[in-house]
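Here is the structure we will look at.
Rule-based calculations on the coordinates, nothing more; no lab input. If you're wondering where the values come from, they're calculated on a predicted model, not measured in any experiment. Ideal geometry is used to build each Cβ from the backbone, glycine not excepted, and the neighbour counts take in all protein chains shown.
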Amino acid sequence: MADSLETADVLILRKMPYRESSLILGALSAEFGKLELIAKGARKLSKKQFPAFDLFREVQVSFINTGKGGLHTVTGAELIRSNDALANIPDNFATAVKIAEFILNNSAPDLPSPLVYEALRHVMLNWALQGEGRDFPWSSRQCSVIVKTSYLYENGLLPEIPEPESRAAHNQQRIIERIIECGNEGAPLPVLDEVWWEQLNQWLNRLIKQHQLKY
């Protein structure tokens with residue numbers, strides 16, 4: 001397969017210096033799934049230039065796709081949204097790092113991930129709003145639940161739920177569907193008490209362990 005020039009919106013989930021002036025980036029896109037990118041000379045930016053590449057930023061990148069996996073060379077970048085205020089609350093930043101590592105460790109190149117991408121976009125925006133002292137829709141636990149539910153659903157790892165026979169079972173199924181919808185659209189979540197959210201989070205963690213995912 002010949003090399004091709006591609007453009008995609010990505011979320012920067014990992015950033016590592018490489019040699020004297022370059023960066024290696026772990027990113028997620030809706031169209032290409034996990035991307036490993038090399039931005040040559042990216043660390044040479046002067047203080048007057050706006051650095052596009054930083055953790056949890058949403059960036060539109062152009063890159064050379066070799067079609068062979070591995071590192072793709074960035075040829076251009078434009079910042080879409082910074083989300084930098086996320087770092088103002090250390091607990092949220094630590095949770096974001098853990099979620100980012102989970103996604104990168106358990107995602108594959110060239111496997112489209114539109115639901116997980118949108119869930120991450122809205123979660124990062126939520127934490128950025130909180131870091132700016134503005135109204136934010138979701139708690140930190142809810143953010144974790146949204147990403148885990150979206151990931152497991154998109155990858156076919158949620159258990160199949162038979163046709164619900166009771167009102168309680170029907171409500172539970174609808175709540176999970178609503179969580180996935182909210183992650184995709186950024187809409188308000190169902191109003192549930194914190195005990196329910198914690199139980200759901202523990203259930204998702206058991207599924208992640210059962211499927212031997214890295215977390």
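Fewest neighbouring Cβ atoms within 10 Å first, the residues 4, 107, 62 line up as 4, 62, 107. Binning the alpha carbon pair distances of the chain at 10 angstrom intervals from zero yields the distribution 8, 32, 34, 18, 7, 1, 0, expressed in whole percent. Could you calculate the FRET efficiency of residue 79 with residue 139 from 1/(1 + (r/R0)^6), where r is the beta carbon distance between them and R0 is 25 Å, rounded to 0.05? After rounding, the FRET efficiency stands at 0.35.
For the chain, the longest principal axis of the C-alpha atoms and the axis of helix 194-210 are separated by about 60°. For the stretch 62-159, the relative contact order comes to 29 percent (Cα pairs under 8 Å, sequence separation of at least 6).
Across the chain, the longest piece that holds none of the GluC sites (Glu not before Pro) lying in DSSP loops with up to 14 other C-beta atoms within 10 Å covers 21-131. Using a Gaussian network model of the chain in which every pair of alpha carbons under 10 angstrom is joined by a spring, one finds that among 18, 151, 117 the greatest mean-square fluctuation is at 18. Across 39, 30, 169, mean-square fluctuation computed from a Gaussian network of the chain (C-alpha pairs under 10 Å connected) peaks at 169. Rounded to the nearest 0.05, what FRET efficiency is calculated for residue 110 and residue 19 with R0 set to 41 Å and r the Cβ-Cβ distance? Step by step, r from the Cβ atoms, then E = 0.95.
Remark: spin-label model distance residue 60-residue 213 equals 3.1 nm, labels positioned 7 Å along the Cα→Cβ axis. In order along the stretch 124-138, the Karplus-derived 3J(HN,Hα) couplings, from 6.51 cos²θ - 1.76 cosθ + 1.60 at θ = phi - 60°, round to 5, 5, 4, 5, 5, 4, 4, x, 8, x, 9, 4, 9, x, 10 Hz, and Gly and Pro are given as x.
Shown in residue order for the stretch 142-154 are the 3J(HN,Hα) couplings computed by the Karplus curve 6.51 cos²θ - 1.76 cosθ + 1.60 at θ = phi - 60°: 4, 4, 4, 4, 4, 5, 4, 4, 4, 4, 5, 5, 5 Hz (x for Gly and Pro). Relative to the longest principal axis of the Cα atoms of the chain, helix 167-185 runs at roughly 20 degrees. Loop-located trypsin sites (Lys or Arg not before Pro) in the stretch 118-149 (DSSP state not H, G, I, E or B) with no more than 14 neighbouring Cβ atoms inside 10 Å: 134.
If you average the sequence gap of Cα pairs under 8 Å that are 6 or more apart and divide by the length of the chain, what percent do you get for the contact order? About 18 percent, as a whole number. For the stretch 84-210, the relative contact order is 30 percent, taking Cα pairs closer than 8 Å that sit 6 or more residues apart in sequence and dividing their mean separation by the residue count. With R₀ fixed at 22 Å, the C-beta to C-beta distance from residue 93 to residue 171 puts the FRET efficiency at about 0.05.
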